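Here the structure is laid out as structure tokens; the discussion comes afterwards.
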Amino acid sequence: MNIKIKYFTDQIEKLEYIESAHSERGKSDWIDLRAAEDVTLKANEFKLIPLGVAMELPKGYEAHIVPRSSTFKNFGIIQTNHQGVIDSSYCGDDDQWFVPVYALRDTEIKRNDRICQFRIMENQPRLNFEEVEFLNPENRGGFGSTGVK
């Protein structure tokens, strides 16, 4: 699948797959995204961090953006929406991708730091909901019923 990409700066590394010796295909399905500018945040501050890219996703696909596993440890930030979704209509020349973050401690993020990752997913098919009086007769016991050990 070919994806058209526009870079807003030449100061970040180009996108590439994360190589992984643990994956059957030799690569992760996730691609790292980088901060496109230096950012300084004080504890309890919010910022939309520019990621320096815009993409033209194929119709019927969307991008899911999440933090990297080390983002909180390295920078003390959390992604405020926990997962960003970019649909295929967000594809214009000015539609740069951003990640909304909240700082839990004072922090500095440098341009080109890897702060989040994304993958492209096919849109969910159209769902039709059929109202019924009963579901499957097998019952797991409700929310939180699987125990702690």
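The values are calculated or read from the model by the stated rules, or taken from the named source; none is laboratory data. A quick note: this is a predicted structure, and the numbers were derived from the prediction, not measured. So basically every Cβ, Gly included, is an ideal-geometry build from the backbone, and we count neighbours across all protein chains shown. Surface areas here come from the heavy atoms of the whole protein model, side chains and all, with no ligands, DNA or RNA. Shrake-Rupley method; radii C 1.70, N 1.55, O 1.52, S 1.80 Å.
Just a few scattered comments:
- Failed condition for residue 76, given (1) in contact with a strand residue (DSSP E or B) (Cβ under 9 Å, 6 or more places away or on another chain); (2) at negative phi; (3) small (Gly, Ala, Ser): (2)
- Matching residues, region 64-87, being without any contact (Cβ under 8 Å) to a residue 40 or more places away in the chain and more than 15 Å from the chain's Cα centre (by Cα): 73, 74, 76
- The residues on offer are 90, 17, 61, and the sole one that is surrounded by 12 or more Cβ atoms within 10 Å (Cβ to Cβ), touching a residue at least 60 places away in the same chain (Cβ under 8 Å) and within 15 Å of residue 120 (Cα to Cα) is 61.
- Residue 106 vs. criteria within 20 Å of residue 37 (Cβ to Cβ) and either without any contact (Cβ under 8 Å) to a residue 24 or more places away in the chain or exposed (fewer than 12 other Cβ atoms within 10 Å of the Cβ) (or both): no
- Only a single item in (1) touching a residue at least 12 places away in the same chain (Cβ under 8 Å); (2) of a type in the set (A, V, I, L, M); (3) out of contact with any helix residue (DSSP H, G or I) (no Cβ under 6 Å at 6 or more places or on another chain) is not met by residue 135, and it is number (1).
- Selection from region 64-74 of residues that are under 19 Å from residue 15 (Cα atoms) and open to solvent by 30 Å² or more (accessible area, probe 1.4 Å): 64, 67, 68, 69
- Subset of region 32-52 (residues that are open to solvent by less than 40 Å² (accessible area, probe 1.4 Å), among the aliphatic types (A, V, I, L, M) and either part of a strand (DSSP E or B) or at pLDDT below 95 (or both)): 33, 39, 41, 49
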